[in-house]
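> Supplied in structure tokens, the structure appears directly below.
The values are calculated or read from the model by the stated rules, or taken from the named source; none is laboratory data. The structure displayed is predicted, hence computed values, not measured ones. All Cβ positions, even for glycine, are placed from backbone atoms using ideal geometry, and neighbour counts span all protein chains on display. Please note that ligands, DNA and RNA were not included when accessible areas were found on the heavy atoms of the full protein model with its side chains. Shrake-Rupley method; radii C 1.70, N 1.55, O 1.52, S 1.80 Å.
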Amino acid sequence: PEIIRCGEPLCIIGGHGEVFGQTLANQTIDELLDKHSLFGHEWLKVMNGPEEWERGILFEIINKAHKRGINVAIHAFTETGISNAIESGADTIEHAVIFNENTIEKARIFATKFIPTYHSAIVSINKDYLASIGTSNDIPFLIQWYKFLNHNITLHIHTELPILSGTD
């Protein structure tokens, strides 16, 4: 199989993924993307949930990445995070599906692809997994994510919009 590298995800300062990702605390978007290109990464993953980037900043990140030939995968699982990712031109949205008629049309216009990672959501709410992470602040978000996917996956399938496989 071919492995496509995306490097460390871009995270909001103090937000989800910061412990294993990178932020704009000590670098500009341009510096981050130049470094990303130098390392040969073809994709940039941007964490957009549960904390969310302002739409203008998200658009700037995606636009600048695309100008460098870097595709952008947005980690999003809230309605606002998904909508902003679509409208900002994300290539893929990780952990998400369509949730209403308005987003269906937007996703078609922007040719957005979705990677719901539905199996990961199921595993994430397994009682043994939840017990292994103890009192993590992530537990409410894992449950919210699973419920969101479970509620909306059938709608998404009926739209015939692309669903890609992936694990994160």
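> Rounded to a whole number, what % of the accessible area of the chain do carbon and sulfur atoms account for, probe 1.4 Å?
55 percent
> Also, I was wondering about something else. Excluding ligands, DNA and RNA, what is the solvent-accessible area per residue of segment 1-156 at a probe of 1.4 Å, expressed in Å²?
That works out to 51 Å² for each residue.
> Can you show me the helix-derived [θ] at 222 nm for the chain, built from DSSP H runs with n ≥ 4 at -39,500 (n - 2.57) apiece and divided by the number of residues, rounded to the nearest 500.
-13500 deg cm²/dmol
> Indicate the gyration tensor shape class of segment 1-158 (rounded, prolate or oblate), computed on the Cα atoms with a ≥ b ≥ c the square roots of the eigenvalues: a/c under 1.5 is rounded; otherwise a/b larger than b/c is prolate and the rest oblate.
Since a/c reaches 1.5 but b/c is at least a/b, the shape of segment 1-158 is classed as oblate.
> Could you please report the charge total around T103, scoring K, R as +1 and D, E as -1 over all other residues with beta-carbon less than 10 angstrom from its beta-carbon?
-2
> Okay, next question. Mean Kyte-Doolittle of at least -0.5 plus a Cα span of 27 Å or more along the axis: flag which DSSP H helices in the chain meet both, please.
Helix filter hits for the chain: 139-159.
> With the crude spin-label approximation of a point 7 Å out along Cα→Cβ, what separation in nm comes out for N63 versus L130?
Each label point is offset 7 Å from its Cα along the Cβ direction, giving 4.3 nm.
> Cβ neighbours within 10 Å, averaged per peptide: list 44-56, 63-75 in order, most packed at the top.
44-56, 63-75
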